[in-house]
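To start, the structure under review is shown below, and the notes come after it.
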Amino acid sequence: MDLRPLDEITSVAPMIDPADVAALAEGGITTLICNRPDAEVPPSHQAEAMRQAAEAAGLEFVYNPLAMPNLTMAAIDEQADAIDGAEGRVLAYCASGTRSSVLWALAMAGRLRTDEIMEALEGAGYHLPQLRGQVDMLAKEREG
């Protein structure tokens, strides 16, 4: 598994396997967020299979699929709510981790400085300079 921390609570990863979930729980993950739509994966890795694996391992499971370019404020808010509601560490995953990283960055806009968000993305291996303007815009909207 390729877990990439963004902050003290949230990591992102490329697609995980249901067989990985027990090890994630043993490693301290308490909430698993699936950002990958079912249409992109075989039945063995669709949300229901992942939910069953998560629940069997004692994890909370959130299905917040994102098919670009259908990014909405509802998806951003759902990601933020899942992170905020977690009782421990969170792992969000999609195909490469990019969509999960974008959702995290936009959820953190206004909570963290934009430079901190962009540095966290870079540190996790996601070069997304085009996201800076959206993070700044959301931060300003949330301020006032």
Task: Using alpha-carbon coordinates, inclination of helix 73-85 to the longest axis of the chain, degrees - done: 70 degrees
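Under a Cβ-only charge scheme (Lys and Arg +1, Asp and Glu -1), can you give me the dipole magnitude of the chain about the Cα centre, in debye to the nearest 20?
Computed about the Cα centre, the dipole is about 300 debye.
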- [ ] Kindly state, to the nearest 0.05, the FRET efficiency for residue 68 paired with residue 113, given R0 = 35 Å and r defined as their beta-carbon distance.
- [x] 0.85
TODO: Could you point to the label whose value was computed as Rg and Dmax of the Cα atoms in Å for the structure here, given (1) 16.1, 50; (2) 14.4, 45; (3) 15.2, 46?
DONE: (2)
Open item on the list: Test of understanding: what is the full-extension gain from residue 141 to residue 26, defined as 0.36 nm times their sequence separation minus their Cα-Cα distance?
Closed with: 37.5 nm
TODO: Specify the longest stretch of the chain that does not include any exposed loop site, a site being one of the GluC sites (Glu not before Pro) with a non-H, G, I, E, B DSSP assignment and at most 16 other Cβ atoms within 10 Å.
DONE: 9-86
Task: Tilt relative to the chain, helix 132-143 - C-alpha long axis, 0 to 90 degrees, to 10 - done: 80 degrees
Task: Residue-wise HN-Hα coupling along region 11-21, computed from phi with Karplus coefficients 6.51, -1.76, 1.60 (Hz; x: Gly, Pro) - done: 10, 10, 7, x, 2, 9, 9, x, 5, 7, 5
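Values quoted throughout were computed directly from the atomic coordinates according to the rules given, and no laboratory measurement underlies them. Since we're looking at a predicted model, the values are computed, not measured. No Cβ is skipped: glycine too gets one built from the backbone with ideal geometry, and neighbour counts run over all protein chains shown.
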